[in-house]
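**Q** Submitted below is the structure of interest, expressed as structure tokens.
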Amino acid sequence: MIDIKNINKWYGQFQVLADCTTQVARGDVMVICGPSGSGKSTLIKTVNGLEPIQGGEIVVDGTPVHAPATNLPQLRARIGMVFQNFELFPHLSVRENLALGQVKVLKRGRDEANERGLKYLDRVGLLAQQDKYPGQLSGGQQQRVAIARALSMDPIAMLFDEPTSALDPEMINEVLDVMVGLAQEGMTMMVVTHEMGFARKVANRVVFMDKGRIVEDCGKDEFFGAPRSERARDFLARIIH
Amino acid sequence: MIDIKNINKWYGQFQVLADCTTQVARGDVMVICGPSGSGKSTLIKTVNGLEPIQGGEIVVDGTPVHAPATNLPQLRARIGMVFQNFELFPHLSVRENLALGQVKVLKRGRDEANERGLKYLDRVGLLAQQDKYPGQLSGGQQQRVAIARALSMDPIAMLFDEPTSALDPEMINEVLDVMVGLAQEGMTMMVVTHEMGFARKVANRVVFMDKGRIVEDCGKDEFFGAPRSERARDFLARIIH
Amino acid sequence: MDFDFDVIARSWRTVLLTGMAFTLQLTVLAMAGGVVLGTLLALARLSGWRPLALLAAAYVNLVRAVPLVLVIFWFYFLVPYLAAWAIGAEEPVRVGAFWSALITFTLFQAAYYCEIMRGGIQSIPRGQLHAAQALGLRYWQCMGHVVLPQALRNMLPVLLTQTIVLFQDVSLVYVLSVPDFVGAAARVAQRDGRLVEMYSFVAVVYFAMCCALSMLVRRLRRARGQG
Amino acid sequence: MDYHWNWAVFGEQSPDGVNTYWQMLVSGLGWTLAAALAGWLMALVLGALAGVARTLPQRPLRMAAGAYVELFRNVPLLVQMFLWFFVVPELLPRAAGDWLKALPQAPFVTAVVCLGFFTSARVAVQVAAGIEALAGGQLQAALALGLDRPQAYRHVLLPLALRIVLPPLTSEFLNIIKNSSVALTIGLMELTASARAIQEFSFQVFEAYTAATMLYVLVNLAVTAGMQAVERRLALPGTLGTPGAR
Amino acid sequence: LPGTPHAQALSGTLAKVGRDGYITLGVREGSVPFSYLDDNGRFIGYSVDLCMKIVDEVRKRLNRQVEVRMTPVSASNRIPLMANGTIDLECGSTTNNAERARQVAFSPTIFVIANRLLTRKAANIRTLADMKGKTLVATAGTTTLKQMTALNRERNLGMRIVIGKDHPESFLMLETNRANAAANDDILLAAQVAGSKQPADYAIGAEALSLEPYGIMLRRGDAPFKAAVDAAIRAAFASPDFPRLYAKWFTSPIPPKGINLNVPMSPQLKKVVASPTDSPDPAAYR
Ligand SMILES: Nc1ncnc2c1ncn2[C@@H]1O[C@H](COP(=O)(O)OP(=O)(O)OP(=O)(O)O)[C@@H](O)[C@H]1O
Ligand SMILES: Nc1ncnc2c1ncn2[C@@H]1O[C@H](COP(=O)(O)OP(=O)(O)OP(=O)(O)O)[C@@H](O)[C@H]1O
Ligand SMILES: [Mg+2]
Ligand SMILES: [Mg+2]
């Protein structure tokens, strides 16, 4: 469903993505890991066109993302995205956060938008917080709201960029639990994360990046069993302590 | 050597520390953990008088910390402290960071100060970086420099406030390794941290705090084996995934 | 020095009613217009289309480089031409003192508000824009619903502080014989030969009002946890 | 527009019978720069003191500094200028007042004092904000090393705060140049006043104001470039100020 | 336009006024007794009265109602505002001199002043010669300042000349002993003394340092309008009512405080009233 073909991207002289190719099929859960600065966030943001690319092609559900004629807003509305720093809109209440995209992009009525939003808020266990503002929630709660916000657009796939790395250790699990649930229901997901427990539990594919390249792209068992590259072995050894 | 007796502290109406009592003997390695906002940072900062208290007493090596007659700068010079955000002085090179306290407080000559500073810089494996500025180092390197800076004052004890929580996962171990080494050499340490691996390896005492109170204060094995309080069991379950 | 309180007693009502009313009206309206125009200028400065960005930057920097007295002079003189251009008239339009002053202050105040709003917009983490875009919002929707409301909210104390400066700067229209608060007081002062008394009166009134305003700003900041 | 342009007016002799109008303008520029620079030095010293005082733990000092800032920030410069020139000498003891009034450059001295106090209030706010931005971690780190408070300010907080406040200080410096034009109201023949005088004598108002405006813009560009050079020199390795560092 | 048969043939200001139906007078706020504000917020004065006569003439020539609007102007914006058409006449106390005549036109001279010194009686300064080495104040941008600068150099007086932003501030400098004398147009000095806290303390010097004609400013090169202005002023001077108009402002109590300036008509003004002229040359008035 997501087809990434030979993409390249530079910041000035610096190559952030070098000839990256991979595919995500419907229902796949792909975990992307790798050292800091290796281009994970950049790669995932190219999928919904938040980052322009200088070479290659990405096709999502039949639509070429970086073609000039593509209606990007429409495409993005169909792909949910969750960020490291939650990025809830601090000036809107939880309910308004959930409704904004539905009303402005999907042109749903306010009532319908609220109804759906609350359904997903319930799903992440935060129905009681609907009138609060993001600043009044803990990090873990904020991230669960962010997931509900993405879900309320009825996405065909979800992108996660280190969804737990800004959280206190205590709150990581409450977010991971929601993500595991999603994965088990068959949502197509691309997840940048260092949480190897999560990867072991639900990923069916693991991509390992280093210096802008996809170094390893294989099944979960293969990755944790015997990674081909030295760099990935190294990384795994250091990250699991 | 550090004797904390019944201390109380308020911010306005809000009680941050409630009747906290504990002792650290020479050579002890005490790990302090607990949920966010429970008062761990505040407690550790009362030990060298960075935070005033409203009741109780702290005696460090025979000196009552909060007595009006106490020469606080002199006392502080004998206690090393390492912060979550490193707090190196960004306008000074690594060498100057190491020398500042020695020259201005211990009145050492510049050459002697540099010599000792470099000795500890070598100890944390960063001798080659002596001319760089903090902004040019990675987080893990900065934190190791911060440890070297504290050590170069020849402290009788070291305080650590979440020394690894601002670090990327990869860099955590390089800092923990240095701390393990220190502990094994017999340095007296109070360490606020969520790194239970570190606690298991070198702590001989674990203090668990919740809502400003010391809820659990026991040996390492007891803590990890069978914590008495429900709250601590809960916390452990959530933090170790 | 003998201080003649009588002149203040006689004139304070008129001076406040005419002069201060003018000054306050001008301040409030110029702030409203200036914030709108300044925000547009800020968006222009941040725009990806370089000529527009450069033009906006040139305007802002020119206006901010020149003393207010000169800026007021230039705009006051140019406003009839701007008005003619705006409505497509052939001759310069004769604009009354109030409108002239209002347009003048709005135009140059916009340059200052522009820089504040630019700072505000730039202080919004890129992630917020990305999050809005990822929801499928268009550029203007992202700006209108996500970035600008936050920028405005974050910058409110700074905008108000700048408005206090504006409130004081309105006193400079006095050089153009526009009847603001200082002008009204000076008029009485000069007619009755009581400059010291009237200027002291003006100083006290301004001080009291600005103090009250800055107290308000401080409270706002504290409520926001911004210091 | 019904206006008779005559750029040659700057070559004509000004009313003092010695200098041309152009020389008059240049002398005005000289007074502007002199007043701005002298006022700036005063503002930096007073502003740094008041700014530091605002961050100290002693409440009376903080309050005094706060009152100082409010006093000079909340009255329009135009009015302050007048008060310094006409009212303050009358409030002083007779002899001191007379001495002040008889100073050969009374308007200049008054303008410098007034601009100095006015600007120092603004500098104080910037300096205090700069120090407060560091107050948490850096101050605690310095104190934890055993430095006492003056040492912590001298070696850690002030050098860092200076770098933080340099950009706002630059705009304050540009402001003081512009604000010095208000001194025309107490008879200082600075740049704007010279332009005004030229237009009064010759009625060539647009030529006079255009020339003055351009001189201000040039000074502004020069100062901005100079301060940017200073900022670059003081930029810390590894921060955003030095391109390509990270 | 219907009802204005001449309008098509007219150009310049008259055409504009004929078309718009109003004329804008630039007025001053504090030029007592020429053009200033009274307590009711109206602009009044000798120059304003004369301007109203010009407006009457304009009405007659255009044969239509002409509304009068007043815009306060200052020394620094009167030229631009005249150039960009915001004001059509400036009714103040503006000196007509050759330099200014390059930029604007003037009505026939409406008043003639002499530059004089104002001193404290106690200081015992009678002539400019007594001012050697002393401090003199003059107002920024005035022809007086120009004159004094020149005289200071010609006669080698070594005076220190300080500058007041406007006339009241110049007077304040004298009042607070920052200057030993103030130089200004004698009529303005008379108004200031009359309004001061202790009028008896001051003396206006007898020595006339120069003569200057005041005129009403209008745009240059506008012959039809200039003709109307000239005609109106000539008619006013010739009218038997003129002595009463003069007396109303210069030898009777005037608003707002009822002060009487007590300045009888000078021989120079008498000469001008008898044979009106718009010459900027001081020699024409001796
Ligand atoms: N706007 C930008 N301009 C220049 N370089 C950039 C920019 N954004 C990112 N980079 C660089 O591109 C590289 C890849 O960045 P990216 O954020 O994708 O890394 P990452 O793998 O997500 O790392 P992390 O784990 O730290 O989030 C990094 O070296 C980064 O410094
Ligand atoms: N200056 C202050 N004013 C008011 N409240 C404060 C202040 N500093 C800290 N607090 C409050 O005191 C409580 C304890 O803070 P402290 O920093 O000691 O917690 P902590 O256990 O270190 O938490 P964390 O794990 O988040 O660092 C928190 O609830 C905090 O909000
Ligand atoms: Mg990333
Ligand atoms: Mg803490």
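**Q** Can you name the condition, by its number, that E:A206 falls short on among (1) farther than 19 Å from E:M52 by Cα; (2) within 14 Å of another protein chain (Cβ to nearest Cβ); (3) open to solvent by 40 Å² or more (accessible area, probe 1.4 Å)?
**A** So E:A206 meets the others, but not (2).
**Q** Name the residue that is farthest from the chain's Cα centre (by Cα), counting only residues in the range A:127-185 that are within 16 Å of ligand 1 (Cβ to nearest atom) and surrounded by fewer than 20 Cβ atoms within 10 Å (Cβ to Cβ).
**A** A:A166
**Q** Identify, please: which residue in the range E:225-266 is among the β-branched types (V, I, T) and part of a loop (DSSP other than H, G, I, E, B) and is, among those, surrounded by the most Cβ atoms within 10 Å (Cβ to Cβ)?
**A** E:V263
**Q** Which of the residues that make up the range E:135-160 are over 15 Å from E:N115 (Cα atoms) and more than 9 Å from chain D (Cβ to nearest Cβ)?
**A** Matches in the range E:135-160: E:R155, E:N156, E:L157, E:G158, E:M159.
**Q** Now a separate question. Could you check the range C:61-86 and list, in sequence order, the residues that are hydrophobic (A, V, I, L, M, F, W, C) and in a loop (DSSP other than H, G, I, E, B)?
**A** C:V66
**Q** Determine, yes or no, whether A:K107 is within 14 Å of another protein chain (Cβ to nearest Cβ) and away from ligand 3 (no atom under 16 Å from the Cβ).
**A** The answer is yes for A:K107.
**Q** Still on this structure, I have one more. Is it true that some residue in the range C:87-94 is modelled with pLDDT of 85 or more, part of a helix (DSSP H, G or I) and open to solvent by 40 Å² or more (accessible area, probe 1.4 Å)?
**A** No, there is no match, as no residue in the range C:87-94 is modelled with pLDDT of 85 or more, part of a helix (DSSP H, G or I) and open to solvent by 40 Å² or more (accessible area, probe 1.4 Å).
**Q** May I ask you to verify whether A:P73 is open to solvent by 30 Å² or more (accessible area, probe 1.4 Å), at the interface with chain C (Cβ under 8 Å from one of its Cβ atoms) and at pLDDT 90 or above?
**A** no
**Q** Which one of A:R200, A:R238, A:R228 is away from chain B (no Cβ under 14 Å) and either away from ligand 4 (no atom under 16 Å from the Cβ) or surrounded by fewer than 21 Cβ atoms within 10 Å (Cβ to Cβ) (or both)?
**A** Of A:R200, A:R238, A:R228, the one residue that is away from chain B (no Cβ under 14 Å) and either away from ligand 4 (no atom under 16 Å from the Cβ) or surrounded by fewer than 21 Cβ atoms within 10 Å (Cβ to Cβ) (or both) is A:R228.
**Q** When A:G62 is evaluated against the numbered criteria (1) open to solvent by 60 Å² or more (accessible area, probe 1.4 Å); (2) within 15 Å of ligand 1 (Cβ to nearest atom); (3) away from chain C (no Cβ under 13 Å), which criterion, by number, is the only one it fails?
**A** In the conditions (1) open to solvent by 60 Å² or more (accessible area, probe 1.4 Å); (2) within 15 Å of ligand 1 (Cβ to nearest atom); (3) away from chain C (no Cβ under 13 Å), A:G62 misses (2) alone.
**Q** Kindly indicate whether C:A101 is out of contact with any Gly (no Cβ under 7 Å at 6 or more places or on another chain), touching a residue at least 40 places away in the same chain (Cβ under 8 Å) and buried (at least 22 other Cβ atoms within 10 Å of the Cβ).
**A** yes
**Q** Would you confirm whether or not the range C:189-204 contains a residue that is part of a helix (DSSP H, G or I) and within 14 Å of chain A (Cβ to nearest Cβ)?
**A** Checked the range C:189-204: no residue is part of a helix (DSSP H, G or I) and within 14 Å of chain A (Cβ to nearest Cβ).
**Q** Go through the range B:161-237 and tell me which helices (runs of 4 or more DSSP H), entirely inside it, have 3 or more residues that are within 21 Å of B:Q141 (Cα to Cα).
**A** Here the list reads B:169-184.
**Q** For the condition away from chain B (no Cβ under 14 Å), buried (at least 24 other Cβ atoms within 10 Å of the Cβ), under 26 Å from the mean Cα position of the chain (by Cα) and β-branched (V, I, T), what is the one hit in D:V109, D:V182?
**A** D:V182
**Q** So E:A191 clears everything in (1) touching an Asp or Glu at 6+ places or on another chain (Cβ under 8 Å); (2) surrounded by 22 or more Cβ atoms within 10 Å (Cβ to Cβ) except one condition, right? Which one?
**A** (1)
**Q** Considering C:R138, C:R153, which residue is within 25 Å of A:L159 (Cα to Cα) and surrounded by fewer than 18 Cβ atoms within 10 Å (Cβ to Cβ)?
**A** C:R138
**Q** Looking at the range B:1-44, which of its residues are near ligand 2 (Cβ under 9 Å from one of its atoms), part of a strand (DSSP E or B) and loosely packed, with under 14 Cβ neighbours inside 10 Å?
**A** Once the filter is applied, which keeps residues that are near ligand 2 (Cβ under 9 Å from one of its atoms), part of a strand (DSSP E or B) and loosely packed, with under 14 Cβ neighbours inside 10 Å, the range B:1-44 yields B:Y11, B:F14.
**Q** Return the residues of the range D:140-161 that are assigned to a helix (DSSP H, G or I), within 9 Å of chain B (Cβ to nearest Cβ) and among the hydrophobic types (A, V, I, L, M, F, W, C); say none if nothing qualifies.
**A** Scanning the range D:140-161 gives D:A141, D:A142, D:L143, D:A144, D:V156, D:L160.
**Q** Only one residue in B:G186, B:G212 is away from every other protein chain (no Cβ under 14 Å), out of contact with any helix residue (DSSP H, G or I) (no Cβ under 6 Å at 6 or more places or on another chain) and closer than 19 Å to B:G80 by Cβ. Which one?
**A** B:G186
**Q** It is to be established whether one or more residues within the range B:115-125 are more than 16 Å from ligand 1 (Cβ to nearest atom) and not in a helix (DSSP H, G or I).
**A** yes
**Q** Considering only the range E:17-101, give the helices (runs of 4 or more DSSP H) lying wholly within it that have at least 1 residues that are more than 10 Å from chain C (Cβ to nearest Cβ) and under 16 Å from the mean Cα position of the chain (by Cα).
**A** Helices (runs of 4 or more DSSP H) meeting the threshold: E:46-62, E:98-101.
**Q** Moving on to the next point. Looking at the range E:216-224, is at least one residue on the phi > 0 side of the Ramachandran plot, out of contact with any Asp or Glu (no Cβ under 6 Å at 6 or more places or on another chain) and not in a helix (DSSP H, G or I)?
**A** yes
**Q** Shifting gears a bit: Which residue out of D:V79, D:V75, D:V182 is in contact with a Pro (Cβ under 9 Å, 6 or more places away or on another chain) and on the phi < 0 side of the Ramachandran plot?
**A** Result of the check over D:V79, D:V75, D:V182: D:V182.
**Q** When the range E:92-110 is examined, which residues are found to be under 20 Å from E:A235 (Cβ atoms), surrounded by fewer than 24 Cβ atoms within 10 Å (Cβ to Cβ) and of a type in the set (S, T, N, Q)?
**A** none
**Q** Taking the options D:A212, D:A222, D:A193, name whichever one is open to solvent by less than 30 Å² (accessible area, probe 1.4 Å) and more than 8 Å from chain E (Cβ to nearest Cβ).
**A** Among D:A212, D:A222, D:A193, only D:A212 is open to solvent by less than 30 Å² (accessible area, probe 1.4 Å) and more than 8 Å from chain E (Cβ to nearest Cβ).
**Q** Somewhere in the range B:57-73, is a residue assigned to a helix (DSSP H, G or I) and more than 16 Å from ligand 4 (Cβ to nearest atom)?
**A** Within the range B:57-73 (the criterion being assigned to a helix (DSSP H, G or I) and more than 16 Å from ligand 4 (Cβ to nearest atom)), the answer is yes, since at least one residue qualifies.
A quick yes/no check of all residues on (1) within 14 Å of chain D (Cβ to nearest Cβ); (2) in contact with a helix residue (DSSP H, G or I) (Cβ under 9 Å, 6 or more places away or on another chain); (3) within 16 Å of ligand 3 (Cβ to nearest atom):
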residue: B:L127; (1), (2), (3): no, yes, no
residue: B:S152; (1), (2), (3): yes, yes, no
residue: B:P169; (1), (2), (3): no, yes, yes
residue: B:M196; (1), (2), (3): no, yes, no
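So that you can scan it fast, the table gives a plain yes or no per residue for (1) at pLDDT below 95; (2) among the polar types (S, T, N, Q); (3) open to solvent by 60 Å² or more (accessible area, probe 1.4 Å):
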{"site": "D:A43", "(1), (2), (3)": "no, no, no"}
{"site": "D:L46", "(1), (2), (3)": "no, no, no"}
{"site": "D:R54", "(1), (2), (3)": "yes, no, yes"}
{"site": "D:P57", "(1), (2), (3)": "yes, no, yes"}
{"site": "D:R62", "(1), (2), (3)": "yes, no, yes"}
{"site": "D:G66", "(1), (2), (3)": "yes, no, no"}
{"site": "D:E70", "(1), (2), (3)": "yes, no, no"}
{"site": "D:R73", "(1), (2), (3)": "yes, no, no"}
{"site": "D:L78", "(1), (2), (3)": "yes, no, no"}
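The values are calculated or read from the model by the stated rules, or taken from the named source; none is laboratory data. This is a predicted model, so every value here is computed, not measured. Every residue, glycine as well, gets a Cβ built from its backbone with ideal geometry; the counts of neighbours run over all protein chains shown. Ligands, DNA and RNA are excluded from the accessible area calculation, which covers all protein heavy atoms including side chains. Shrake-Rupley method; radii C 1.70, N 1.55, O 1.52, S 1.80 Å.
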